Structures are given as C-alpha cells and as structure tokens.
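Here is the structure we will look at, set down as structure tokens.
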Amino acid sequence: MALRIVTGSDNAGYGHKSALKELLENDPRVESVTDVGVGGREDGELYPNVAVAAAEKVAAGEADRALLICGTGLGVAIAANKVSGIRAVTAHDLYSVQRSVLSNNAQILCMGERVIGLELAKELVKVWLDLEFDPTSSSAEKVDAICAYDGSLEQA
Ligand code: RB5
C-alpha cells in the first residue's frame, strides 16, 4: 500500500527534513508527501506546533504516517504524542526503527538533525517505508492497551 506521509520540522531540523522529504517524494512506495513546515531556517515556528499539526493529520486519517525532525528528535515526539491516537517515537538506529512499527505500531518517526547524519537517516527512512505492523502478532494486545488508556482504539 502506497503511503501518505506528512513531514515536518523546526528550523533546527530543516536541513534533514528537506532532504528526506525529497527522498520520500521520489520513492514509489509513497503516494503523497504533505509538508507542514517549517519553510526554511529563518522560519521560527516552534516545534510543538509543527509536530501537533502533523500528528493531527495522522490521527484524522488524512495521512498514514509522519516523519518529524527537530534538533534532537525528542521535542517533536513529546508534542506529537499529546495527540490522541498517536504513537510517535524517536529512533536513530535500525533495530529501534524496525521495532517502532513491528512492536509499537508507531505512525510517527522522529529524528534529530543534531544527532544523526543525513545518509544514515536516509537509509533508516527507506527501511521504515517497508515496515508493516502485524495485528495478529503478540504485540497487538500491548498496543491495544496503549490505545485503551488513550481512549482511542484506532491503530492505523
Ligand atoms: C531547538 O529549539 C531544539 O530545542 C529543538 O529543535 C529540539 O531539539 C527540541 O526537542
């Protein structure tokens, strides 16, 4: 299934965000890319506002996933997770990126431009696109427990 992906960053993550957005736009596994900002290094929009805007699109079913970049990848994850139904993770290594979908059914991947090199980030994003949660796996009841606490049973 081709993915509809939202991208977003603050100014600290703008460089990686732009490059990864271009990668996504040229990947046949991606149906659409919607960027929610920022528009440049001079754009001072705060990372929580960008992250929540992206997460709301995913939660509303307007997008399947989001890729968020800030300086560390931490703030955008914290903010995105405030949106009901969202599971956002910060991951900079292969195993964590894989498990974020396979174990946690996370819809949002967050990275830090000041933490990870661009080439490694690109490789991880390419892997991320192929990952799919198995609702019959033993992880499902754990994700269901998160959703139950959250008040949302949506696992998209
Ligand atoms: C810069 O504002 C930095 O704090 C931000 O990009 C992010 O790393 C926060 O978590």
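FYI, it's all coordinate maths here, none of it is from the lab. Note that this is a predicted model, so its numbers are computed, not measured. Cβ sites come from the backbone with ideal geometry, for glycine too, and all protein chains shown count toward neighbours.
Some observations on this one:
- Given their separation in residues at 0.36 nm each and the Cα-Cα distance between them, LEU74 and TYR95 gain 5.8 nm when the chain is fully extended.
- Computed lengthening from SER32 to LEU118, 0.36 nm per intervening residue step minus Cα-Cα distance: 28.8 nm
- Candidate aspartates and glutamates for bridging to LYS82, where Cα separation is under 13 Å - those fewer than 8 sequence places away on the same chain excluded: GLU56, ASP150
- Computed over the range 95-156, relative contact order equals 43 percent, with contacts defined as Cα pairs under 8 Å that lie 6+ residues apart.
- Applying the criteria of a DSSP loop state and at most 16 other Cβ atoms within 10 Å to the trypsin sites (Lys or Arg not before Pro) of the range 71-156 yields LYS82, ARG114.
- Mean sequence separation of contacting Cα pairs (under 8 Å, at least six apart), scaled by the length of the range 4-62, corresponds to a relative contact order of 47 percent.
- In this simple spin-label approximation, MET1 and ASP134 carry label points 7 Å from Cα along the Cα→Cβ vector, and these lie 1.7 nm apart.
- The packing ranking, built from the mean of other Cβ atoms within 10 Å per residue, places the peptides 68-76, 37-45, 19-27, 100-108 in the order 68-76, 100-108, 19-27, 37-45, highest first.
- Between the alpha-carbon centres of the range 1-42 and the range 71-98 there is a gap of 16 Å.
- In sequence order, the range 63-80 has phi-based couplings of 9, 8, 8, 9, 10, 10, 10, 10, x, 10, x, 8, x, 5, 5, 4, 5, 4 Hz under the Karplus curve 6.51 cos²θ - 1.76 cosθ + 1.60, θ = phi - 60°, and Gly or Pro positions carry x.
- Anisotropy class of the range 24-66 from Cα gyration tensor, a/c 1.5 cut: oblate
- The range 1-83 shape via C-alpha gyration tensor axes, a/c threshold 1.5: oblate
- Spatially proximal aspartates and glutamates relative to LYS57 (Cα-Cα < 16 Å; intrachain offsets below 8 disregarded): GLU31, ASP35, GLU154
- Three-way shape call for the range 41-140 based on the alpha-carbon gyration tensor, with the a/c threshold at 1.5: oblate
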